[in-house]
1. Roll a 1.4 Å probe over the protein chains and send me the accessible area per residue for the range 83-122 in Å².
2. Note down the relative contact order for the range 104-190 as a percent, whole number, built from C-alpha pairs under 8 angstrom at least six residues apart.
3. In whole Hz, what ³J(HN,Hα) sequence does the range 66-72 give by Karplus (6.51, -1.76, 1.60; θ = phi - 60°), x for Gly and Pro?
4. Averaging the inverse of every distinct alpha carbon separation and then flipping it gives the Kirkwood radius. What is it for the range 137-186, in angstrom units?
5. Taking H placed 1.01 Å from N in the peptide plane, check which residues at least 5 places from ARG110 or on another chain put their amide H under 5 Å from its amide H.
6. Can you tell me the equivalent ellipsoid semi-axes for the range 57-128? Use √(5λ) from the Cα gyration tensor, largest first, whole Å.
7. Step through the residues of the range 187-198 one at a time and calculate ³J(HN,Hα) from phi using the Karplus curve (6.51 cos²θ - 1.76 cosθ + 1.60, θ = phi - 60°), rounding each to whole Hz and writing x for Gly and Pro.
8. Under the definition of Cα pairs under 8 Å and six or more residues apart, what whole-number percent is the relative contact order of the range 151-194?
Amino acid sequence: MQRQLNPAAPRRLRCRMAGFAIAFAASVWLQGGAASPASAQNMASSTSLERRVKAAFLYKFLGYAEFPQGAFADAGAPLVIGVLDADDLAAELARVVAGRTVGNRAVVVRVLREGEGAVPVHMLFVGGFEGARVARLLRQSGGMLVVTECDGGLPPGSAINFRIVDERVRFDVALDAAERNGIKLSSRLLTVANRVQKGAQ
């Protein structure tokens, strides 16, 4: 059986890669913001820029993740991003995803609280830089793509971890953590990662 080629596919691929490239390029500008003279205003501006870059990355990550068949109730179910301990980023992310879709699915952002009962989400972002605490929160995070921002590197259970490298927002990837939750990450995502961890954490 011959595979029918879709002439629009190359264009869609270029658009997706261009969008990811924009988010990646935006992280470069963090260097300029962070290098300004130390002041409350400059620090606030740098923090705001970092938050916007991370929100853009989170949205783009969804397009490079393949979730298991049972992850959605039906063909019209949305992709749900849960955000824990990062309300400002959740608000920024909600602005980023407003009116946008990934794979013909709407994207919904939910603000979560520690101690809240199990909430079905496809991606979970856990704010905070304390690796031990984040690792504790992730012990029951099965079935989702987990993204963190720990200074010490990938905590157990995290598939993607944001880091500031040379004053730029970068990210490390743990393939095994994603695979344990039945999620396949595209090789295109791995090519722009700061580091890819393939073995057990």
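1. Accessible area per residue: 57 Å².
2. So the answer I get is 21 percent.
3. Values per residue, Gly and Pro as x: 9, 8, x, 4, x, 6, 10 Hz.
4. 11.1 Å
5. Correct list: ILE81, GLY82, VAL83.
6. Ellipsoid half-lengths, sorted descending, are 19, 15, 10 Å.
7. 5, 5, 5, 5, 5, 9, 6, 5, 8, 10, 9, 9
8. Reported relative contact order: 32 percent.
The values are calculated or read from the model by the stated rules, or taken from the named source; none is laboratory data. All of these numbers come straight from a predicted model, not from anything done at the bench. Because the Cβ atoms are built from the backbone with ideal geometry, glycine has one as well, and the counts that use them run over all protein chains shown. Quick note on the areas: whole protein, heavy atoms, side chains included, nothing else; ligands and nucleic acids left out. Shrake-Rupley method; radii C 1.70, N 1.55, O 1.52, S 1.80 Å.
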